[in-house]
Amino acid sequence: MKTGITMDQQAHPTKTTLPGIGIRYDLVTTGGKHVSIVVRNDGRRFLGFHDPEDDDACTNTVPLDPGEAIALANLLIPEQLDPVRNEIEIDLVTEHIPITAKSPYWGRTLGDTQARSRTGASIVAVLRRTGATPSPTPDFRFATGDTLVVVGTREGVDAVADLIAGG
């Protein structure tokens, strides 16, 4: 899983074999806190907290059943931020809309379309055989064969397609 954390940002826990018991993984945080996970041979897991003055003195433990261990692990894994995801459902679509010779906008600028103010959708990139132009400025001039990358609501994107087609 890709986490967005670089190698120098990752903590490096130590691993200690506990004969007859299992394995202990220890982590000292950048704040100086010592946390350990003991994975017992029988599969049980314990989360332990240690006295900062004595790493061998465990001040508290939390036993975790397999489901709790998985839930805790999932909570601790950083997720990639998804700027479109929200607690409120947003129905955004992305479409590729071609500029054809029949379009009233071939040879004209992005600003001439007034697409965002007229439709609420945004032209976020223009694809051309020679490359891509992300975030084109209002003075970007369209050419026949360009493909517009448009983001917005279904209605807004459809309105941009009609506008570009000359409808």
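Computed from the coordinates by the stated procedures, all read-outs in this text should not be read as laboratory data. This one's a predicted model, so the numbers in the text were calculated from it and none came from an experiment. All Cβ positions, glycine included, derive from the backbone under ideal geometry; neighbour counts span all protein chains shown.
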Open item on the list: For the ranges 102-114, 133-145, 152-164, what's the packing order if you count other beta-carbon atoms within 10 Å of each residue, average per peptide, and put the highest first?
Closed with: 152-164, 102-114, 133-145
TODO: Could you tell me the largest-minus-smallest coordinate of the C-alpha atoms of segment 83-167 on each of the three principal axes, in descending order and whole angstroms?
DONE: 41, 28, 18
- [ ] Grab the Cα-Cα distance for His12 and Ala101, subtract it from 0.36 nm times how many residues apart they are, and report the gain in nm with one decimal.
- [x] 26.1 nm
- [ ] Starting with the highest mean, order 117-128, 26-37 by the number of other Cβ atoms within 10 Å, averaged over the residues of each peptide.
- [x] 117-128, 26-37
Task: Label zone at Asp65 (point 7 Å along Cα-to-Cβ), backbone N below 14 Å, segment 31-52 - done: 44-45
